[in-house]
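Presented below is the structure to which this report refers.
The values are calculated or read from the model by the stated rules, or taken from the named source; none is laboratory data. What you are looking at is a predicted structure, and each value in this text was computed from that prediction instead of being measured. We place every Cβ from the backbone using ideal geometry, glycine too, and count neighbours over all the protein chains shown. These accessible areas exclude ligands, DNA and RNA; they are computed on the full protein's heavy atoms, side chains included. Shrake-Rupley method; radii C 1.70, N 1.55, O 1.52, S 1.80 Å.
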Amino acid sequence: MATRPDKAPSELEASDYILHLWKRRWVILGFCAATMVLTYLGLRLFHPNMFESRALVMVRAQPRTTNLDIEKEGIAPPSFKSMFTADETIIFLRNQYNQMVENGTLSAEEGHTRITSPLEKYRVRFKVESVTEVDTTIATEFSPVMELRIRGESRGQTKVMADLWVNLVMNRFGNLMAEEAAWRLEVTRAKASRLGAELAEAVERREALADERMFSDSMMASLLRRLTSAPLPEAITYAESDILPYNVYSGPRQTRSDLKVDMSDARPGLLEELGDLERAIALADGDGDDAAMAAEYEYMSETVSSIRDEYRALSGVSSDLKAKLAELDAEITRLQYALRVNAGNAADAEAFFAAVATDAEGNETHSTLRVISRPIVPDLRVWPKRTLIAGIAAAALFAMLLVVFCAECYMRQAILFDSRSSRSA
């Protein structure tokens, strides 16, 4: 059925379009068939075949060193995914493979050629997948098994690259927990040695200052006894700090003086002698001994004043020593607390290292990772799907041609209708 010139384009029916497409059927089918064949041949001739090899690696459970439920778990599989596909790892594998090709270890007859793709394009050939077992709003648990997949341009290249990849990740990350435990143990031991040396030095300095202060306070006590024979109001006190985790010896410790002095047997001090001399001068009758007593009084007064000045100076020195001792007490407390915390960390690190080091004995056993399934030589290519892609291309062209020829039908009818209308006018 042919279209009528007096029919408006908007009045076209589905049958009009179908009839027009039927007239163009051989053109449509020819273009679609040619597209399908050319696409298939282009993929076969110009697109390299891609083969895939897979391996399964299991993340071993971290050994428990305590019975606490809050004990930290080991490294999760998603962390290893980032490690396995790191740029450094991929570059190392590519360089190692190219070196094996260059030195003849891998021959071209077996499908081995140099990999020249840049890192950004070659990185997509490496895939690591882990399965989520439980996913809640609180926590996500992953399966300990990870699947390593790699694609290559030949069967031999894919198998060799997969083996190199598995060997590299096992050698580099297979004993990661043991290496981490050894590092923690080494760090805690080095820190314990450093803190112990600092503590010993601080205690030695404190003992030296304590001896110096004890000597200064003894000198002060001696000066007081030269001045008077009366009991001292308070003895020199060396109180033990209650905040210290450990007892640090700081010299003789007394809280208060309970000295009982028999004044009848005590030798009078300068103050008592000065008082007696002052009373004697006041009661003197003006004989020849007055000048001698006055000279003796002046001498004793100067001596008492000198002793007081010396006592004040020693008191200042004692106060400075007391402040320095307080600073050292705080420093010793900090070092002792740090040692106790570090000792706990060292014990935990040592227990963990002992647990993982036992599993890490031998060349083929690793404490962190375990190869469950090694890669094999692939049989079939995984990409490109030539028939599927060619069919999709032909179907896309078929749809496009339908639209084009339907538009052609519409335009033809519009031209005929306009021409008919012009002649009628």
When you scan segment 165-184, do you find a residue that is within 30 Å of residue 333 (Cα to Cα), open to solvent by 30 Å² or more (accessible area, probe 1.4 Å) and hydrophobic (A, V, I, L, M, F, W, C), even just one? yes
Of (1) in contact with a helix residue (DSSP H, G or I) (Cβ under 7 Å, 6 or more places away or on another chain); (2) part of a loop (DSSP other than H, G, I, E, B); (3) open to solvent by 70 Å² or more (accessible area, probe 1.4 Å), residue 379 fails just (1)
Testing residue 69 on (1) in contact with a strand residue (DSSP E or B) (Cβ under 6 Å, 6 or more places away or on another chain); (2) at pLDDT below 85, one condition comes back false. Which one is that? (1)
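Conditions tested, residue by residue: (1) assigned to a helix (DSSP H, G or I); (2) of a type in the set (Val, Ile, Thr); (3) out of contact with any Asp or Glu (no Cβ under 6 Å at 6 or more places or on another chain); (4) at pLDDT 85 or above.
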| residue | (1), (2), (3), (4) |
| --- | --- |
| 73 | no, no, yes, no |
| 80 | yes, no, yes, yes |
| 90 | yes, yes, yes, yes |
| 93 | yes, no, yes, yes |
| 150 | no, yes, yes, yes |
| 157 | yes, no, yes, yes |
| 164 | yes, no, yes, yes |
Scan segment 329-344 residue by residue and report those that are of a type in the set (S, T, N, Q) and under 14 Å from residue 187 (Cβ atoms). 342
Residue 329, sole failed condition from (1) touching a Ser or Thr at 6+ places or on another chain (Cβ under 6 Å); (2) of a type in the set (D, E, K, R); (3) open to solvent by 30 Å² or more (accessible area, probe 1.4 Å): (3)
Among the residues of segment 14-34, what is the count of those that are in contact (Cβ under 8 Å) with a residue 24 or more places away in the chain, among the β-branched types (Val, Ile, Thr) and open to solvent by 40 Å² or more (accessible area, probe 1.4 Å)? 1
Qualifying residues in segment 339-351 (those that are modelled with pLDDT of 90 or more and open to solvent by 60 Å² or more (accessible area, probe 1.4 Å)) - the one farthest from residue 180 (Cα to Cα): 340
Within segment 101-128, the count of residues that are in a helix (DSSP H, G or I), over 25 Å from residue 147 (Cβ atoms) and open to solvent by less than 80 Å² (accessible area, probe 1.4 Å) comes to 2
Show the residue pairs meeting these rules: Cβ distance below 9 Å; 6+ apart or different chains; first residue within segment 310-338 and more than 22 Å from residue 217 (Cα to Cα) and at pLDDT 90 or above; second residue surrounded by 14 or more Cβ atoms within 10 Å (Cβ to Cβ) and among the polar types (S, T, N, Q). 330/241; 332/241; 333/241
For segment 284-294, name all the residues that are over 19 Å from residue 271 (Cβ atoms) and at pLDDT 75 or above. 291, 292
